[in-house]
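Worksheet: one structure, shown below.
The values are calculated or read from the model by the stated rules, or taken from the named source; none is laboratory data. What you are looking at is a predicted structure, and each value in this text was computed from that prediction instead of being measured. Because the Cβ atoms are built from the backbone with ideal geometry, glycine has one as well, and the counts that use them run over all protein chains shown.
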Amino acid sequence: MQIEPGLNRLLYKICQEYYEEGLTQKEIGERLGLSRIKVSRLLQQARDLRVVQITLYPPIFHHSEMEQALEKKYQLDEAIVVKPGGYDSDEIIKHTLAPAAAECLLRNLEKTDSVGVSWGSTMAAIVDALPIEHWPDVTIVQCLGGMASLDSPTNTIDVTRRMAEKLGAKPLILPAPGLVTSKSLHDALLENATIKEALSLAAACDIAVVGIGVPTLEGILGKQPILNEKEIACLQNNDAAGDICLRFYNGEGLPADDDLDNRTIGLTLDQIRSIRRVIGVAGGEYKVEAIRIALESKLVNVLVTDDLVAQRLLEI
């Protein structure tokens, strides 16, 4: 399409100042006697008339198309796909996902945000991957009562405290066990004002970072003295697909075991869904179904995973 010479000259000049000199639309408008809105329209016109053409150069190792496909298929805010150094080790996969999850968290963080955290080896790896920062007005909130042994780096309390230390933020500890022996004890503990306030603040988090587990003896549940074999078998009989913050969900993303759910002290599945940004971090092909359901039932809106899981999620 032939462009009138005067318009061509104006479009070229605006593009040169915007893309090469780095001037803002307001600065260009003031220089040329145009409104900012007019400059914006002319920039769009320049792209439409191909006066300027934008080329993106992806990084050498990238999965941009796969990430976009996941975002579109599962209506995610963001998908981050990484390639681990091996697929036969959970540790390798977790320590590959952790730096990507840490970068995602820092990129989303605002100076007065509250960040909810769960428990487990994936969360511990994310904390290890975080750099030393200074966010004095940020609060790191424990979303599930204490899990695992107190000296374990996967314990919810330890994850909360260590993340707060790394980020120079304030920790908010939930002073209760994550799983108790009876519903009556659970209900009594929730009457405690301190516990009630901590859970209320956790539910109001701006961001949550969570792992996605599976109810098998192969995962962390089989390595930590949290659930016994009978309880795990019961979950499997109830078609439990996965868990977030020890809240087990079925194929529809609903609670899979009322007994465990009534004995768990932490955010509920609905409360997790209500958080503005939930960053789910999980890899390994044995977790594909748990991850898929977490995405489809809107428990997670940002996913950090490995490329094999991403491919399987797209093939389903």
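Remarks
- Segment 168-190, subset of a type in the set (A, V, I, L, M) and in a loop (DSSP other than H, G, I, E, B), residue farthest from VAL127 (Cα to Cα): LEU190
- Any hit, segment 15-31, residues being aliphatic (A, V, I, L, M), farther than 30 Å from LEU308 by Cα and at pLDDT 90 or above: yes
Conditions tested, residue by residue: (1) under 19 Å from the mean Cα position of the chain (by Cα); (2) in the same structural domain as VAL278 (by TED's automatic domain parsing); (3) touching a residue at least 24 places away in the same chain (Cβ under 8 Å).
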residue: ALA102; (1), (2), (3): yes, yes, yes
residue: SER121; (1), (2), (3): yes, yes, yes
residue: LEU130; (1), (2), (3): yes, yes, yes
residue: CYS143; (1), (2), (3): yes, yes, yes
residue: THR156; (1), (2), (3): yes, yes, yes
residue: LEU167; (1), (2), (3): yes, yes, yes
residue: PRO177; (1), (2), (3): no, yes, yes
residue: ASN192; (1), (2), (3): no, yes, no
residue: SER200; (1), (2), (3): no, yes, no
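- Test set (1) of a type in the set (A, V, I, L, M); (2) within 22 Å of VAL115 (Cα to Cα); (3) at pLDDT 95 or above - ALA290 fails condition number: (2)
- GLN53 passes every criterion in (1) assigned by TED's automatic domain parsing to the domain that holds ILE173; (2) surrounded by fewer than 18 Cβ atoms within 10 Å (Cβ to Cβ); (3) of a type in the set (S, T, N, Q) apart from (1).
- Residue ID - farthest from GLY178 (Cα to Cα), chosen from residues in segment 107-129 that are part of a helix (DSSP H, G or I) and of a type in the set (A, V, I, L, M): ALA129
- Candidate set from segment 241-274 (those that are of a type in the set (A, V, I, L, M) and under 22 Å from the mean Cα position of the chain (by Cα)); member that is nearest to ILE195 (Cα to Cα): ILE265
- Filter result for ASP206 (in contact with a Lys or Arg (Cβ under 7 Å, 6 or more places away or on another chain), closer than 17 Å to CYS143 by Cα and at pLDDT 95 or above): yes
Residue by residue, here is whether (1) at pLDDT 95 or above; (2) surrounded by fewer than 18 Cβ atoms within 10 Å (Cβ to Cβ); (3) under 14 Å from GLY283 (Cβ atoms); (4) out of contact with any helix residue (DSSP H, G or I) (no Cβ under 9 Å at 6 or more places or on another chain) holds:
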position	(1), (2), (3), (4)
GLU71	yes, yes, no, yes
TYR74	yes, no, no, no
LYS83	no, yes, yes, no
TYR87	no, yes, yes, no
ILE92	no, yes, yes, yes
HIS95	no, no, yes, no
ALA101	yes, no, yes, no
LEU105	yes, no, no, no
ASN108	no, no, no, yes
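- Positions within segment 163-181 being modelled with pLDDT of 95 or more and of a type outside the set (A, V, I, L, M, F, W, C), in sequence order: GLU165, LYS166, GLY168, LYS170, PRO171
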